[in-house]
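These notes concern the structure reproduced below.
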Amino acid sequence: MTDPTPARVRFAPSPTGRFHIGGARTALYDFLLARQTSGQFILRIEDTDRKRFVPGAEEEIMESLHWLGLEWDEGPDVGGPFGPYRQSERTQIYQQHAELLVERGYAYPCFCSPERLSQVRKQLLKVKQPPRYDRLCRRLAPEEAQARVQAGESHVIRFKTPRDGSTTAVDLLRGPITVQNASLDDYILLKSNGLPVYHLAAIVDDYLMKITHVLRGSEWLPTFPLHVLIYQAMGWDQPIWVHLSVFLNPSGKGKMSKRHAGVKAIYVLDLKQMGYLPEGLLNWISLMGWSFDDHTEFFSIQELIEFYSLQKLNPSPAAVDYKKLDHFNGHHIRDLPTEDLVHRMRPFYETAGLVVDDAQLSQIAPLVQERIRTLEEAVEISGFFFRDTVEPDPAQLIGKNMTPAESAKAIRRAYQVIEALPTMDVEPLETALRFLADEIGLKAGQLFGILRVAVTGQRVSPPLIESMAVIGKVEVLARIERAIALLETQAEVE
Ligand code: GLU
């Protein structure tokens with residue numbers, strides 16, 4: 001347990017692109033903290049940057065969170081006592097707070113044109129200084145500035161960062177971080193179009209929405225002291241700050257990017273399409289920055305809620321390891337009741353264009369459950385059940401250390417044995433085929449190998465005898481007959 005008092009935590013994504021595993025991890029950690037403390041998990045859409053706005057991104061965020069089962073208690077769609085929860089609908093609130101800061105002398109209007117600012121930046125770079133605002137407008141008399149604002153002159157609102165002293169910002173994982181105020185810029189809070197930047201909007205909202213813990217990416221560490229300064233200027237109590245570790249590429253070198261070799265997919269809905277379960281994905285990302293102890297690796301969402309703790313978060317970067325994702329996903333697939341597995345597998349067969357029914361899938365699910373790591377793999381290894389014909393590779397039909405003619409002869413005998421059996425019950429079928437192998441001087445593996453390719457079209461498949469039982473006698477015999485023909489053609493060529 002982290003903290004027994006109910007936490008109010010927000011996940012605050014910007015709808016600027018597709019929803020990836022980094023966002024999912026932040027949302028998960030928020031969700032766990034809220035559920036564990038019987039608090040609230042809030043979804044807030046930070047869409048004030050209209051230039052970077054991507055239509056459909058908010059919908060993708062919500063769809064992904066729903067799929068993962070990370071349901072929010074307050075948000076743009078479900079409402080709540082502190083709404084609206086979409087920042088573009090809160091512009092006035094930010095403007096009022098910016099004005100308040102100006103009135104109290106903690107912020108000021110800046111009328112500098114973009115051309116002038118770029119000039120200043122260039123000059124500073126030339127003399128190897130950090131490219132900051134030179135604070136020209138900070139020196140304007142407040143009355144003059146006010147008059148220019150009243151006259152409608154275009155301006156932004158900047159924070160009046162103290163020039164002396166230092167600011168200490170405390171991150172739960174890293175401890176106190178102290179910076180000299182002289183190294184900080186007079187950051188823009190409100191843009192000339194009246195819209196806030198992140199620094200103002202996020203802080204005002206976190207305060208008004210009574211957020212107790214801010215969990216966010218460590219890319220916000222450089223401006224963290226500014227955020228603390230704004231809290232101080234407002235006279236507000238700060239939340240607990242937690243900056244989460246970054247994700248590294250699978251190689252462990254460099255920040256995660258989808259262009260890097262070995263990166264399968266970073267978007268949640270793509271991973272869904274690849275056949276990962278929400279349970280597998282959540283287990284995987286839960287451990288990218290958190291651990292329970294040094295060996296426990298499988299967690300259900302209920303266990304995560306129980307065991308999660310902020311104190312065990314790790315600020316060091318975590319390399320994304322897709323092998324682990326397969327490992328976790330395979331585990332959670334094996335954990336599913338058959339009916340549930342059937343229900344989850346079904347769309348994957350349908351996407352592959354196969355006509356399936358639940359009764360048949362219920363027979364197949366137990367055969368593939370131990371073998372697959374993704375739902376997609378279920379289709380790969382068991383699609384043959386649903387195809388009218390299989391197309392075995394003739395070369396693969398040849399038994400180990402055997403000729404095509406010998407292989408044909410062996411499965412011709414198998415054909416007869418199967419044909420003569422009254423049923424396709426697994427045990428008698430297996431006994432009969434093993435007996436046959438013995439009788440014709442083959443290892444069971446040799447005979448079963450040919451039959452496997454003949455019946456499934458694949459070298460690797462679910463258990464052969466069980467598969468034959470599901471496919472049924474007529475179809476099994478038809479497939480063997482076709483395999484015999486393919487082998488005989490090869491025998492003639494020889
Ligand atoms: N909108 C910010 C982002 O997407 C949120 C950061 C935060 O959680 O405060 O990076």
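The values are calculated or read from the model by the stated rules, or taken from the named source; none is laboratory data. A quick note: this is a predicted structure, and the numbers were derived from the prediction, not measured. Using ideal geometry, Cβ is built from the backbone for each residue, glycine included, and neighbour counts are taken over all protein chains shown. Accessible surface is based on the protein model in full, side chains and every heavy atom, while ligands, DNA and RNA are left aside. Shrake-Rupley method; radii C 1.70, N 1.55, O 1.52, S 1.80 Å.
Do any chymotrypsin sites (Phe, Trp or Tyr not before Pro) in the stretch 256-346 lie in a DSSP loop with no more than 16 other beta carbon atoms within 10 Å, and if so, which?
Qualifying residues, ordered by number: 298.
What would the Debye equation give as log₁₀ I(q)/I(0) for the stretch 155-285 at q = 0.13, 0.16, 0.21 Å⁻¹, counting only Cα atoms as equal point scatterers?
The calculated log intensity ratios at q = 0.13, 0.16, 0.21 Å⁻¹ are -0.73, -0.94, -1.20.
Distance between the C-alpha centers of the stretch 284-322 and the stretch 326-349? Whole Å please.
22
Post the alpha-carbon centroid distance, the stretch 181-195 to the stretch 102-126, in whole angstrom.
Taking the Cα centre of each part, the stretch 181-195 and the stretch 102-126 sit 9 Å apart.
Once the convex hull of the C-alpha atoms of the chain is built, how many Å³ does it hold per residue, rounded to a whole number?
Spelled out: Cα convex hull of the chain, divided by residues, is 202 Å³.
Taking the dipole about the Cα centre of the stretch 83-177, with the C-beta of Lys and Arg at +1 and of Asp and Glu at -1, give me whichever of 105, 120, 93 is farthest to the positive side.
120
Can you compute the equivalent ellipsoid semi-axes for the stretch 403-447, i.e. the square root of 5 times each eigenvalue of the Cα gyration tensor, sorted largest first and rounded to whole Å?
19, 12, 7
Could you provide, to the nearest whole Å², the per residue accessible area of the chain with probe 1.4 Å?
Heavy-atom SASA per residue in the chain reads 47 Å².
Would you calculate the volume per residue, in Å³, of the smallest convex hull containing every Cα atom of the stretch 333-490?
Values: hull volume 17.2 nm³, N = 158.
Once divided by residue count, the hull of the stretch 333-490 is 109 Å³.
Using the Kirkwood radius over Cα pairs, work out the Stokes-Einstein diffusion coefficient for the stretch 1-90 at 10 °C and 1.306 mPa s, in µm²/s as a whole number.
119
Carbon-plus-sulfur fraction of the accessible area of the chain, 1.4 Å probe, in percent?
That fraction is 52 percent.
Accessible area of residue 358, 1.4 Å probe, to the nearest 10 Å²?
80
So what J values fall out for the stretch 186-201 if you push phi through Karplus, 6.51 cos²θ - 1.76 cosθ + 1.60 with θ = phi - 60°, rounded to Hz, Gly and Pro as x?
8, 5, 6, 9, 10, 7, 5, 7, x, 8, x, 9, 3, 3, 7, 4
Arranged from highest to lowest average of other beta-carbon atoms within 10 Å per residue, in what order do the peptides 444-456, 135-147 appear? Can you show the working numbers first?
Details: 444-456: 22.0, 135-147: 13.4.
Ranking the peptides 444-456, 135-147 by packing returns 444-456, 135-147.
About its Cα centre, how strong a charge dipole does the chain have in debye, to the nearest 20, once Lys and Arg get +1 and Asp and Glu get -1 at the Cβ?
Value, rounded to 20: 2680 debye.
Stick to the Cα atoms of the stretch 288-332, pair each with every other, and give me the Kirkwood hydrodynamic radius in Å at one decimal.
Taking the inverse mean of 1/r over all distinct Cα pairs, the stretch 288-332 comes out at 11.7 Å.
Tell me, what ³J(HN,Hα) does each residue in the stretch 356-366 have, in order and in whole Hz, if you take phi through Karplus 6.51 cos²θ - 1.76 cosθ + 1.60 with θ = phi - 60° and put x for Gly and Pro?
10, 10, 4, 4, 5, 4, 5, 6, 7, 3, x
Which three extents, in whole angstrom, do the alpha-carbon atoms of the stretch 93-152 cover along their principal axes, largest first?
37, 21, 19
Which net charge results for the neighbourhood of residue 477, defined as the other residues with beta-carbon distances under 14 angstrom from its beta-carbon, given Lys and Arg at +1 and Asp and Glu at -1?
Net charge around residue 477: +2.
Post the alpha-carbon centroid distance, the stretch 40-92 to the stretch 380-444, in whole angstrom.
Between the Cα centres of the stretch 40-92 and the stretch 380-444 lies a distance of 57 Å.
Which order do the peptides 401-413, 70-82 come out in when sorted by mean C-beta neighbours inside 10 angstrom, highest first?
On the way: 401-413: 18.5, 70-82: 16.4.
Ranking, from highest mean packing down: 401-413, 70-82.
I'd like the Karplus ³J(HN,Hα) series for the stretch 271-285: coefficients 6.51, -1.76, 1.60, θ = phi - 60°, whole numbers in Hz, and an x wherever there's a Gly or Pro.
Per-residue couplings from phi come out as 5, 4, 5, 7, x, 8, 8, x, 4, x, 5, 5, 4, 4, 6 Hz.
Sort 14-21, 33-40 by the packing proxy (mean of other Cβ within 10 Å over each peptide's residues), most packed first.
Details: 14-21: 18.9, 33-40: 20.6.
Descending packing order for the listed peptides: 33-40, 14-21.
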